[in-house]
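**Q** My questions will all concern the structure given below.
The values are calculated or read from the model by the stated rules, or taken from the named source; none is laboratory data. The structure presented is a predicted model; accordingly, all values stated were derived computationally and were not measured. Backbone-built Cβ (ideal geometry, glycine too); neighbour counts: all protein chains shown.
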């Protein structure tokens, strides 16, 4: 099982080809190093996603408006629509599981100043419930 001649031949070959031996060892090291880095980055991303999602209540429901995809009763396709206060009341009365219904307003995200205080102005992404 343990053949001393075989090991002498391996050591002799490594000594004769030092550059090739070094480059092979470095390649193996680099591959293992990159594997560890990639697995660590993936695990970090996974932990970050779970932490971000875990901060949202598990019994929450969010809905928002978008452009319509179909025409309706003579109205054109692709029109915009928004919720109003009557829609919030309707959702609250028609869905018994909805304990709290709250609108959320968004502002900003684009160019131009949307926040001003005294002589200072800046653009911020703002949301409020």
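**Q** Of the residues that sit in segment 92-115 and are touching a strand residue (DSSP E or B) at 6+ places or on another chain (Cβ under 8 Å) and loosely packed, with under 12 Cβ neighbours inside 10 Å, which one is modelled with the lowest pLDDT?
**A** Here is the first cut: in segment 92-115, the residues touching a strand residue (DSSP E or B) at 6+ places or on another chain (Cβ under 8 Å) are 104-108, 113-115.
After this cut, where a residue has to be loosely packed, with under 12 Cβ neighbours inside 10 Å as well, the list is 104-106, 113.
Working: 104: 78, 105: 76, 106: 75, 113: 64.
Per the criteria, the residue is 113.
**Q** Looking at segment 42-62, is at least one residue in contact with a helix residue (DSSP H, G or I) (Cβ under 9 Å, 6 or more places away or on another chain), modelled with pLDDT under 85 and either assigned to a helix (DSSP H, G or I) or closer than 21 Å to residue 98 by Cβ (or both)?
**A** Let us first name the residues in segment 42-62 that are in contact with a helix residue (DSSP H, G or I) (Cβ under 9 Å, 6 or more places away or on another chain), namely none.
For segment 42-62, residues in contact with a helix residue (DSSP H, G or I) (Cβ under 9 Å, 6 or more places away or on another chain), modelled with pLDDT under 85 and either assigned to a helix (DSSP H, G or I) or closer than 21 Å to residue 98 by Cβ (or both): absent.
**Q** Within the group 89, 68, which residue is touching a strand residue (DSSP E or B) at 6+ places or on another chain (Cβ under 9 Å) and within 27 Å of residue 126 (Cα to Cα)? Steps first, please.
**A** Numbers: 89 fails: touching a strand residue (DSSP E or B) at 6+ places or on another chain (Cβ under 9 Å).
On inspection, the qualifying residue turns out to be 68.
**Q** Also: Can you pull out every residue in segment 63-79 that is modelled with pLDDT of 85 or more and either in a loop (DSSP other than H, G, I, E, B) or not assigned by TED's automatic domain parsing to the domain that holds residue 101 (or both)? Spell out how you get there, then give the answer.
**A** Going residue by residue through segment 63-79, those that are modelled with pLDDT of 85 or more are 67-79.
Once the filter is applied, which keeps residues that are modelled with pLDDT of 85 or more and either in a loop (DSSP other than H, G, I, E, B) or not assigned by TED's automatic domain parsing to the domain that holds residue 101 (or both), segment 63-79 yields 67, 68, 69, 70, 71, 73, 74, 76, 77, 78, 79.
**Q** Separate question: Select, from 15, 43, 51, 8, the only residue that is more than 22 Å from residue 127 (Cβ to Cβ) and surrounded by fewer than 10 Cβ atoms within 10 Å (Cβ to Cβ). Please lay out each step first, then the result.
**A** Numbers: 43 fails: surrounded by fewer than 10 Cβ atoms within 10 Å (Cβ to Cβ); 51 fails: more than 22 Å from residue 127 (Cβ to Cβ); 8 fails: surrounded by fewer than 10 Cβ atoms within 10 Å (Cβ to Cβ).
Every option except 15 fails the conditions.
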